[in-house]
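What follows is calculated from the coordinates using simple rules that are stated; it is not laboratory data. All values derive from a computational prediction rather than experimental measurement. Note that we place each Cβ from the backbone using ideal geometry, even for glycine, and neighbour counts take in every protein chain shown.
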Protein chains: 2
Amino acid sequence: MQEYFNTHIEKSFPELKPSKFLLACSGGIDSVVLAHLCNNANLDFELAHCNFQLRGKESDADEVFVKELAKKINKKINVTSFKTVDYVNLNKVSVQVAARELRYTWFSTLQEKNNLKYLVTAHHADDDLETFIINLSRGTGIDGLKGMPYNTDVIKRPLLKFSQEQIIDFAHVNTIEWREDQSNTDTKYLRNKIRHQIVPLLKELHPSFLDNFLNSQQYLEQTATIADNALNTIKKDLFQLNGSHYKIAIESLKALNPLKGYIHGLFKFYGFTEWQNVADLLDAMSGKEIRSKTYRLVKDRDYLLLEILKENKDEVFTVLKEDIFVDNPIPITITNVEEVAECSLNTLYIDKETLKYPLTIRKWKNGDYFYPFGMHGKKKLAKFFKDEKIDVLSKEKQWLLCSENQIVWVIGKRADNRFRVTNKTKHILKFEVKE
Amino acid sequence: MQEYFNTHIEKSFPELKPSKFLLACSGGIDSVVLAHLCNNANLDFELAHCNFQLRGKESDADEVFVKELAKKINKKINVTSFKTVDYVNLNKVSVQVAARELRYTWFSTLQEKNNLKYLVTAHHADDDLETFIINLSRGTGIDGLKGMPYNTDVIKRPLLKFSQEQIIDFAHVNTIEWREDQSNTDTKYLRNKIRHQIVPLLKELHPSFLDNFLNSQQYLEQTATIADNALNTIKKDLFQLNGSHYKIAIESLKALNPLKGYIHGLFKFYGFTEWQNVADLLDAMSGKEIRSKTYRLVKDRDYLLLEILKENKDEVFTVLKEDIFVDNPIPITITNVEEVAECSLNTLYIDKETLKYPLTIRKWKNGDYFYPFGMHGKKKLAKFFKDEKIDVLSKEKQWLLCSENQIVWVIGKRADNRFRVTNKTKHILKFEVKE
């Protein structure tokens, strides 16, 4: 059996032999067996142990155990402690998610620092089956059913084809000691019920149940990749990069069938997990938007606009003096000039005497109006944007130059009549925006 | 509850109201409840009952029961009997597959004959879950996990969103009678184990387990469609129609990643279920082939050739006389002529005196050789085909004209030196193949 395991690692993971790697070890049976196997195979690795501080003395005893194991097999060990509960409260995630995020971030830092090419973990087939059933019970797509990858460029899972039972047998035969896993994650109750009640019955359905299940997962993984390849091809056509955001024609999106499936597939990459919210946006009023953790999706007439989330500060910037260069929020110079020369959308000439101080630069807000240059009377800014077909995201980025409460310039777009240079003007002030 | 069911049918299957349809009724609780529901909703339908003759008197009692039900709700009933066991033995399929093939063929005939637009069946969510688990236990791809379609152009399954429990409740409340299903299919043992032992435990994992499971299946169905759409697009490029077969460039096929997944997806449409057999063919010797029930796939140097299976008779046809027109296996005329005129690949002139009778037309076989016109000495036919880069399928279609045991003409390709017209020739015979 040990022969079998070792041969498996050598045959299926030959890349581990010439490289140094990191082995994640909790002290539980799976990762301890894996450490022994890799050591028996004369592989070169370091151990990494996380103390999540979730079970007081038990957690500390796990740490001591793994340190002793490292000494016994003569490997370097890296240990760290996490304030997992704080992380849970701060990020509003489950203990399980917190532990995963914390450890994988740390592993990746360690790998870089210590020049460890791969991360090797001890997940086995029963872990995968349990996760499959948990995800199924909650409702999930193919990504929740296809299982963990066996072998990627970074992570290797040499035990994924073995059952828990095989691993226990191996430990007994080789008199390997381990720490019983006392961890108390959110899925502990579910996992125990699945492990002890459901899985044994499933395995009675077919003598090769677990192998067949792994084959099924492999097929799902392949179908998922084929679908993702197709979605990426569609995305290249459909998502037109437009400055800092993507512009997506709603009509083209709606032509995809099954729409629900394509919507879910296309927007899951941006953290939108509820396809229905995206679908609702297709026929919503212009300006309506939804947000994922990292992206916002805005309906803008015949398009959806997709933009990465940024901190959106609607500050007001004060510009007090002439002959200065202001860099924030936009680079603008203010100079006294003798005459009106070269005109462009980025340049504004005004009658200095019409201004009232302070001059400010601010974002626009609902209710704003101005007296567009070249027109009679005033116009609501919202109406101006609509007539000019300015999209929702550009509107948000629009800065206004104001004199006290009056709009002097919809910067880069239109001047205000009230401040224009006339034949009565004595002093001309020039504003210029640098690209 | 009855209200709920009826509203569901009216809302989700409005197409059933104005059309006449066929309702498959075994006499078991599901299809009997469905018949009552459709009757209560004043829908227009006929019943269909299959007697599979698998359980003697019980089967006959089911038939009587369904006939009485039809009388009670005043619907026309169609009944048929199948010799299911004979079908199983003849076609080497399981009882389950036999019953399915037999009934769906019959339903479809009935629909056409009686002008019934839809087939309505009583599958429910627990059926789907059981099938999911059975397929998982055997190892399956996404097609085995995505579940039965809820609503297609032809088949409607109004109960698919309901649990067995809901259906039983409905039957009790409405004092509906039914026949207990005593059927003894191959999966009966598995289904019972799953229904009574596994499913109840699964349902304890989450209060909405069954709904979540149905959602998961819907997601899988969508991903499967996205992948199939992509595969069809790839197929249009990759599968070049070449006469009666498809020609597939192996290099292009190998460029697809994950190859295993694409191979499975592309060739499943042609009945090749074992992707490994197809993969093995990619690097096999030219001429190697594999067959599905309906197609053959042949390796031919840098290509795979995909052809529908036909009966392949290697008959020998005898051509005895001159001045005749033979139509079988290929249209050929044999005439006495005075001179050698217009030459083409479809025409052969020979020295009549060199021939020995009978003249035959036959397929080529290994070991055949001839004396190619314009060359010195003899050449194996296999070598000739190779040098001429004749593909495997064309070779199979190649006819030879033979004089006793000697090849006179590789028809349409090359004449034999031994029968050529020389300055000593007295009588010229002309063979001409009609396109």
Based on the Cβ-Cβ distance of B:Leu259 and B:Lys389, what FRET efficiency does E = 1/(1 + (r/R0)^6) give at R0 = 25 Å, to the nearest 0.05?
0.40
Using helices alone, I'd like the mean residue ellipticity at 222 nm for chain A: each DSSP H run of four-plus residues gives -39500 (n - 2.57), total over residue count, nearest 500.
-12000 deg cm²/dmol
Shortest first and in nm, the label-point separations between A:Lys424 and its counterparts in the other identical copies (7 Å out along Cα→Cβ) come to 12.6
With +1 at each Lys and Arg Cβ and -1 at each Asp and Glu Cβ, the charge dipole magnitude of the protein assembly as shown around its Cα centre, to the nearest 20 debye, comes out at 1220
Candidate span helices, chain A: DSSP H, at least 24 Å along axis from Cα coords, Kyte-Doolittle average at least -0.5, result A:209-238
Shielding score for B:225-237, defined as the mean number of other chain Cβ atoms within 10 Å
5
Could you tell me which residue in chain A puts its beta carbon nearest the axis mapping A onto B, with the distance rounded to whole Å?
A:Ala230, 2
Over every pair of different alpha-carbon atoms in region B:317-433, take the mean of 1/r and invert it; report that Kirkwood radius in Å.
14.4
Quote the relative contact order of chain A in percent (integer), defining contacts as alpha-carbon pairs under 8 Å separated by 6+ residues.
11
Choice from A:Asn328, A:Asn135, A:Asn114 showing the highest fluctuation, given a GNM over chain A with Cα pairs closer than 10 Å:
A:Asn328
Evaluate region A:221-308: find the radius of gyration of its Cα atoms, find its Kirkwood radius, and give the ratio Rg to Rh.
0.94
Within 10 Å of each candidate Cβ there may be at most 11 other Cβ atoms; applying that plus a DSSP loop requirement, which GluC sites (Glu not before Pro) in region A:365-430 survive?
A:Glu404
Among A:His123, A:Gln222, A:Leu136, whose Cα sits farthest toward the positive end of the charge dipole of region A:118-233 (+1 at Cβ of Lys/Arg, -1 at Cβ of Asp/Glu, about the Cα centre)?
A:Leu136
For peptide B:129-140, what's the mean number of Cβ atoms from other chains within 10 Å of each residue's Cβ?
5
Return an integer: the convex hull volume of the alpha-carbon atoms of the protein assembly as shown, in Å³ per residue.
319
Too-long pairs where the Cα-Cα distance tops 30 Å, listed order kept, from A:Lys268/B:Lys203; A:Lys117/B:Lys268; B:Lys356/B:Lys413; A:Lys299/B:Lys17
A:Lys117/B:Lys268; A:Lys299/B:Lys17
Sort the following peptides by mean Cβ neighbour count (other Cβ atoms within 10 Å, averaged over residues), highest first: B:40-47, A:124-131, A:376-383.
A:124-131, B:40-47, A:376-383
Region B:286-435: relative contact order from alpha carbon pairs under 8 Å, six or more residues apart, as a whole percent, is 29
Distant-in-sequence amide H partners of A:Trp399 (H built 1.01 Å from N, under 5 Å)
A:Ile411
Given Cβ point charges of +1 (Lys, Arg) and -1 (Asp, Glu) and nothing else, what value in debye, to the nearest 20, does the dipole of chain B about its Cα centre take?
1360
Of B:69-77, B:258-266, ordering from highest average Cβ density within 10 Å down gives B:258-266, B:69-77
Once the cut-off is 31 Å, how many percent of the Cα-Cα pairs in chain A end up in the long-distance tail?
59
Treating the point 7 Å from Cα along Cα-beta-carbon as the label, what are the nm separations from A:Lys117 to the other copies, to one decimal?
6.5
How many nm separate the modelled label positions at A:Asn114 and A:Ala61, each set 7 Å beyond the Cα in the direction of the Cβ?
2.6
For the protein assembly as shown, give me the percentage of DSSP beta bridges that are antiparallel, rounded to the nearest 5 percent.
75
Taking each label point as 7 Å beyond Cα in the direction of the beta carbon, state the distances from B:Met148 to the same residue in the other copies, shortest first, in nm.
3.7
Stretched out fully, how many nm does the piece from B:Leu345 to B:Ile330 gain, at 0.36 nm a residue minus the Cα gap?
3.9 nm
Could you pull out which residues in region B:244-283 have an amide N less than 20 Å from a spot 7 Å beyond the Cα of B:Tyr104, following the Cα-Cβ vector?
B:265-274
Which FRET efficiency value, to the nearest 0.05, do you get for B:Lys413 and B:Asn89 by plugging their Cβ-Cβ distance into 1/(1 + (r/R0)^6) with R0 = 41 Å?
0.30
Going 7 Å from the Cα of A:Ser244 toward and past its Cβ, which residues in region A:365-408 have a backbone nitrogen under 12 Å from where you end up?
A:393-399
In this model, which of B:Lys161/B:Lys235; B:Lys11/B:Lys113; A:Lys363/A:Lys430; B:Lys235/B:Lys383; A:Lys236/A:Lys365; A:Lys365/A:Lys386 are farther than 25 Å apart at the alpha-carbon?
B:Lys161/B:Lys235; B:Lys11/B:Lys113; B:Lys235/B:Lys383; A:Lys236/A:Lys365
Most packed first (mean Cβ within 10 Å per residue), the peptides A:201-214, B:167-180 order as A:201-214, B:167-180
Using a 10 Å cut-off on Cβ to Cβ distances, tally the other chain neighbours for every residue of A:281-290 and report the average as a whole number.
0
